[in-house]
Amino acid sequence: MNLGEWRPQETIINNIKETLQLALVPNSDAQKTVQDRLLLMQNLTDFPNYLLFILGNPGFSEDIRSLSGILLKNNIQSTYNNMSVENTQKIKNECLRLLRDTSREVRTSISNIIVIIAKDNLKTWPELVPILTKSFVAQDEFSEVALTTLFTVCEELINSQKPQEEIYKITKEVFPKFVEFVGVEECSVRPNIVRLTNQFLQDYFGVMKQSIDLGIYLRNVMQLANTNDMDLQKNVCHTFVIYIDNHEETLLPHLHDIICFLLEKCHHEDQDVALQACEFWLASTKINTCKDILSPYIEKLLPTLLKNMRYSASELNMIKDSLGADATKKDLSKDISPFHFRDRNAVADGEEYYSDEETEDQSDDFDDFYVGWTLRKCSAASLDSIAVKFGDEILPLLIPLISEMLQNPDHLVKESAILALGAIAEGCFNGLKSELPELVRFLISCMNDEHSVVRVITCWTLSRYVSWIVNVHADNPEEYFVPVMTILLKHFVDENKRVQRAAISAFCIFQEEAQLKLIPYIDFILAGFKYGFEQFHCRSLYLLYDAIGVLAQSVGNHLSKDEYVNKLLPPLMNKFTELKNFYDDHFIAVLECLSNVIPALEVSFLPYSEIVYCHCLQLINDTLIASVNYQQNPNEYDPPDKEPMNVAHDVLYSMALGLKTHFVTYVTNSNLIYLLYTTMQDSSNLIRQTSIALYGELIGLCYPFLASSVNEYIPLIIKNLDEHTDGVCNNAAWVIGKLCSVMGNTIQPFLQEILNAFVHILRTPAVARTMHKTVAISLCIVFFVCPEVSVPDMDVIVKNCCMLVRNVRDSDEKDLAFRGLCEVIVRHPEFNKQYFIFFCDAAASWVNIRVDLKQMVKNVLLSFKQQCGDDNWRQFYTQFPEALKVKLQDLYGV
């Protein structure tokens, strides 16, 4: 129907009007009648037209018009995409007309409708933004609603993830006008304009740089520096942070004034203003010229950062209930955050203490996780980064200030000084080295401070110096190693839960650094863990699982002695069996812990393996069933949480590693292989990554059992050779190598697809080097089992393989790969002679090479030497680095 020719029916208009009037009656019976009538009216195909007619007709009361606007907004939200182009255009035209209606209520309703339409249809409404901008610029009675609408449309644009070209069409129209008005003193909405402009600068800096004059915007914002409006002060500071973050050159002429302004704002009584100002120092440390920028102000900046590293009143108020002796109290629900096992390689030591990432509530183990990103944390992070940039040269300024703070009778000042000592640990380590013996002894004494906040921060600061503690005087561990280990284990039983958690987290870092040096103390450590099992509540218990996992990774199979297993596994397995909900965070935490422990325990885990295997299989099976139910009936079922299934795969993989042939019995008597066929096709990268890894491990353990179905699985593995998914692709490439080693040339039917994928990945520079190495190893194994194969640019590919394989440690895979390299070079005499040096370099990378492979490599070297002739060989050999010559002579006598 064409709305332009549409005419309302009087009876329907009156019916709708009567219903809307009834809706204004505050009576439940009346409201029920209204709902029933509206349900019937929704069936009218032209119901939106009637609502628009009432909304745009000043003959109706303002209340009735507003109600029709609300109904129209809701109706459009659900039916707009099904309307004809003529109808939608009529609605859009009417909306633009009614933005200038005399009724403020109607204008507000229209604004809401415009936002709903524009959210997904801005591209097909090109006149909207120019009209809104023009109306705002006019500065009349209708400007306010135009600006409000414009703001909301732009905010929706930020969240829309639209292409940058589409964003640019809007920003180039709107923001030059906004920038102009930032400089107009009479403009009352300048705070809103600065806030919105900053949002776009933060998310689309490149687009905004093309849209506005950044120099003019900066100058206009600087005029607002002395405002009393707190939100505007924060946004002014935020502008400067965005500019330094993006290395914007228009900042340079104003840098002195801006830095002086921000130093002043760092002392502001409003913590949020001071925090936003402090962000500038942290951002500035990320640019190469940081020292040049900050050096003239460092004498003022360092004391400012130290002062702001004290707990604020609001922070203390938030943690006030957890400062005393609370170890016997159960964790409150707000204390129990979702559990994610510690990734020992993901975060540098201590970074989690002042992380401002969204995951902070899970990683900030040394402080109360729900305090959030604060001025204290930002100041500590800034000091850390400045110390890295400036190094020891800031110590003459810092040490007297920190020493004075340490002597302060106020324990909060002392606590902030200990935080500062931790913050400068990385950047100023060399300059502090001579002071470390005294410092570590002092920190050990601080672990007995009466105030829990001091004990908490001391744990963290000790963890920052753990490399020195563990490695200094290795022949005399009683001097520092044992005292620090003992004091941290002692505070596992601290009366305060925050200290417990800080001690456990610091001990994890201690273990990571100590590695095999922990072996003489395993029994002592397990005694500390035993107390944790008996006394800890949820959050401390989760961290205990973390510590157990790190111990297992650090000492490996030294943990598999019966005396250790009998202390560790019974309490851990008690937790495992008493938890009935497989999707409970606590159960997942125990599973994560087991996945780290089992490889270290090896066959000592056998008595406990059956129940763990069955639980993991059931968890995978239940999740897959739930996934099918959701796919078939999405309105009836919720999508399942797949993280537990991912962890179950990890545990099974660990069991395969630890139990080896004992694991085969479980595999052959269950439907695991069938389940892997499904999970290897899952939409989740993590699920595919772990399931492919498990399948790869099974190839080595029980290939005869897999052989009958292997041809169905190989296409799934090849499909995952996608360089865009690092972990999945790496595992798939590794599995191809494993398959080649057991299948030999029977893998021939799949060879072309494999070669195409491998060559493509090796030719793609923008992938992880680990993936390149794995692909190179597996490709060379292909060359070994199918030596007659050929790939385009063979000599370049082989050269790249040599460069990658040389960096792989001695292993069975490297052994097979080298045999493949030898085969391919022998079979391709046209191999580019200039590339042969890369083979020589790779051949020299071996530490312990098998006798037969050594002879094979030697034969290749001698054959090449013979082909060259003595003179050419001598000339070729002179380009070898001296170390390479020595290694080739020692290994191969060449």
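The values are calculated or read from the model by the stated rules, or taken from the named source; none is laboratory data. Please read these numbers as outputs of a predicted model, since none were measured by experiment. Cβ coordinates were reconstructed from backbone atoms using ideal geometry, including for glycine residues, and neighbour counts include every protein chain displayed. Side chains are part of the model used for accessible areas, which takes the heavy atoms of the whole protein and leaves out ligands, DNA and RNA. Shrake-Rupley method; radii C 1.70, N 1.55, O 1.52, S 1.80 Å.
What the table shows:
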{"item": "Value of [θ]222 nm, deg cm²/dmol, for the chain, DSSP H segments ≥ 4, -39500 (n - 2.57) each, nearest 500", "result": "-21500 deg cm²/dmol"}
{"item": "1.4 Å probe accessible area per residue over the stretch 42-178, in Å²", "result": "47 Å²"}
{"item": "Hydrodynamic radius (Kirkwood) for the stretch 565-648, which is based on Cα pairs only, to one decimal in Å", "result": "13.9 Å"}
{"item": "Rounded to the nearest 10 Å², the accessible area of ARG763 at probe 1.4 Å", "result": "120 Å²"}
{"item": "In degrees, nearest ten, helix 395-406 long axis to first principal axis of the chain (Cα)", "result": "70 degrees"}
{"item": "The stretch 571-648: trypsin sites (Lys or Arg not before Pro) in DSSP loop, at most 12 other beta carbons within 10 Å", "result": "LYS580"}
{"item": "LEU891 accessible area, assembled protein chains, probe 1.4 Å, Å²", "result": "20 Å²"}
{"item": "Accessible area of the stretch 552-683 divided out per residue, in Å², using a probe of 1.4 angstrom", "result": "44 Å²"}
{"item": "Probe 1.4 Å, all protein chains present, accessible-area order of ASP638, ASP384, largest first", "result": "ASP638, ASP384"}
{"item": "Heavy-atom accessible area ranking, 1.4 Å probe, most first, across ARG827, ARG819", "result": "ARG827, ARG819"}
{"item": "Cα gyration tensor, the stretch 484-535 - rounded (a/c under 1.5), prolate or oblate", "result": "oblate"}
{"item": "Estimated distance in nm for a label pair at GLU166 and ASN288, the labels positioned 7 Å out from Cα along Cα-to-Cβ", "result": "3.7 nm"}
{"item": "Share of carbon and sulfur in the accessible heavy-atom surface of the stretch 412-533 [1.4 Å probe, %]", "result": "54 percent"}
{"item": "Accessible surface of the stretch 63-215 [probe 1.4 Å, protein heavy atoms]: carbon and sulfur percent", "result": "45 percent"}
{"item": "Folded to 0 to 90 degrees: helix 85-98 orientation relative to the chain principal axis, Cα", "result": "60 degrees"}
{"item": "Note, ³J(HN,Hα) from phi for the stretch 236-247, Karplus 6.51, -1.76, 1.60, rounded to Hz, x at Gly and Pro", "result": "4, 4, 5, 4, 5, 5, 4, 5, 5, 4, 9, 6"}
{"item": "Mean accessible surface per residue for the stretch 754-813, computed with a 1.4 Å probe while every protein chain stays in place, in Å²", "result": "41 Å²"}
{"item": "For the stretch 386-394, Karplus couplings with θ = phi - 60° (6.51, -1.76, 1.60), whole Hz, Gly/Pro x", "result": "5, 4, 5, 6, 8, x, 5, 5, 8"}
{"item": "Size of electric dipole in the stretch 750-827: Cβ of Lys, Arg +1 and of Asp, Glu -1, about Cα centre, debye, nearest 20", "result": "320 debye"}
{"item": "Radius, Kirkwood style, for the stretch 55-132 when every pair of distinct Cα atoms is counted (Å)", "result": "12.7 Å"}
{"item": "Fully extended contour minus Cα-Cα distance, from LEU316 to GLU882, at 0.36 nm per residue", "result": "197.5 nm"}
{"item": "Entry for Rg and Dmax of the Cα atoms in Å (calculated from the structure that is shown) out of (i) 69.2, 199; (ii) 42.2, 132; (iii) 34.2, 108", "result": "(iii)"}
{"item": "Segments 317-324, 525-532 sorted - mean Cβ within 10 Å per residue, highest first", "result": "525-532, 317-324"}
{"item": "Cβ-placed point charges (K, R +1; D, E -1), dipole of the chain about Cα centre in debye, nearest 20", "result": "1660 debye"}
{"item": "Karplus (6.51, -1.76, 1.60) ³J(HN,Hα), θ = phi - 60°, over the stretch 554-564, in Hz, Gly and Pro reported as x", "result": "7, 9, x, 6, 5, 7, 8, 5, 4, 4, 7"}
{"item": "Pairwise Lys count, the stretch 512-601 - Cα closer than 22 Å, eight or more residues apart or different chains", "result": "8"}
{"item": "Surface share of carbon and sulfur [accessible, 1.4 angstrom probe, percent] for the stretch 854-894", "result": "47 percent"}
{"item": "Net length gained if the chain between LEU516 and ASN81 were fully extended (0.36 nm per residue, minus Cα distance)", "result": "150.1 nm"}
{"item": "Exposure rule at most 11 other beta-carbon atoms within 10 Å, DSSP loop GluC sites (Glu not before Pro): the chain longest free segment", "result": "479-635"}
{"item": "Listed residue (VAL456, GLY391, TYR666) projecting farthest to the positive dipole end of the chain, Cβ model", "result": "TYR666"}
{"item": "Helix 28-41 axis, angle to the chain major axis (alpha carbon atoms, nearest 10°)", "result": "80 degrees"}
